[in-house]
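Only the coordinates and a few stated rules stand behind these numbers; no lab work does. The shown structure was predicted, so the numbers you read here are calculated from the model rather than taken from an experiment. Because the Cβ atoms are built from the backbone with ideal geometry, glycine has one as well, and the counts that use them run over all protein chains shown.
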Amino acid sequence: MSRGNNKTAITGPAAKARIEWIDAARGLCVVAVVLFHVGLWHFLRFEHDASAAFTFWGMVATALGSVRMPLLLAVSGILAASKVRGGFGTGKAWSSSLSNYYLYAVWLLIYALLSIVLAGSPRPQRVGSVGDFFLQLVAPDTPLWFIYALAVYVPLLTLCRKLPASVVLAALAAVSIGTAMFMDSTAGQWGKVPELAVFFAAGVYGKAVFMRIAGDRRLVYLAVALPAFAALMALPEIHPGLDQAVFILQGLAAATALVALISALTRYRPIAVAGSWVGRRTLGIYLLHTPIMDFLVLAFHGPLAPLGPAISTSLPVALIYPLALTAAVIAACVGVESLFRRCGLTFLFQRPGSVPAPAPARARLLSRL
């Protein structure tokens, strides 16, 4: 009994601290995703005369492209590491994959219905027709590609769990480079699934490394990784294959630096609480921000069209507007999710029956299988 108590006393606080920085990292990533889409789909499409605000936010969008998904995938890999290493026998890998694909299919249908209702919206990455819907069940072309990717990555890496980590990472890096070299630039979002798998695998196989980065020597890692990321960002484009190899290194450097930075910042309770609050709501924000942006984009091509020039011609407003709109979209996502859950629509955010069975029953089932 004393050994069990000691173990709890030792691992409890550490586990809590890890959850806080992981939640904060997920929260930061989803905020970055919303900010990126606010710029890409809305703000940067305003007519303007190359003002400083648009130049600044264009640079932010470029930087976010090398940061947001590598970190989000790496953190997702850290969270999935135990499922992957547990193999298929525990059922957790299959359950995780099925739950993610369930969410993908349900929300792809919702996006398809919204594409019909909001047919005039100029937002890209939509479901264009019934045939396109069925095609996207296997080849995603909306922001939901990330949910689809999680459904693919977990069983794939579980299948490869007995291979050396270096072999799997090298193979996925080669797949990423090959995808960038040979995939048509006009292809859908599905290309991101093979292109970015290496970052998810880095989180799975490098979980212990990332935990050390978040430990006491976090400032040392930050001092090394941050200049490396800046230097890699400054490199010019040369060749698609080499550029993708640099992008992989950029993403890993960014993930390392941000894990060190976030774990340091979450030592302060207000930051930890705020980061954890957003981090626990990342799924709803990720799923709902696209429909909400659909309504916004359509409104700015209709009754709110006069606001575009007013925003773009004022430098202070143009500088603040993307951040303010990002906060508003996130607040709307949280509010809509809460409303849906109160109305009994929990199945939109969780696969029915996905709550695991009691341990004895699950053990009996696995033994029979």
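Some points to look at:
- Charged-residue dipole, Cβ positions (Lys, Arg, Asp, Glu), the chain about Cα centre, Debye nearest 20: 2120
- From most to least packed by mean Cβ count within 10 Å, the peptides 109-119, 152-162, 298-308 give 152-162, 109-119, 298-308.
- For the stretch 306-347 versus the stretch 55-123, the gap between their alpha-carbon centres in whole angstrom: 20
- Cβ-based net charge around Met183, under 15 Å, with every Lys or Arg adding one and every Asp or Glu removing one: -3
- Across the stretch 201-340, Cα pairs under 8 Å and at least six residues apart give a relative contact order of 22 percent.
- For mean projected area of the Cα convex hull in nm², the value calculated from this model appears in [x] 26.1; [y] 20.6; [z] 21.8 under label [z].
- The stretch 140-205 and the stretch 248-280 have Cα centres separated by 23 Å.
- Whether the stretch 139-225 is rounded, prolate or oblate, judged on the alpha carbon gyration tensor where a/c under 1.5 counts as rounded: prolate
- Helix-only [θ]222 nm of the chain, DSSP H runs n ≥ 4, -39500 (n - 2.57) each, per residue, nearest 500: -25000 deg cm²/dmol
- Remark: spin-label model distance Ala305-Val273 equals 4.7 nm, labels positioned 7 Å along the Cα→Cβ axis.
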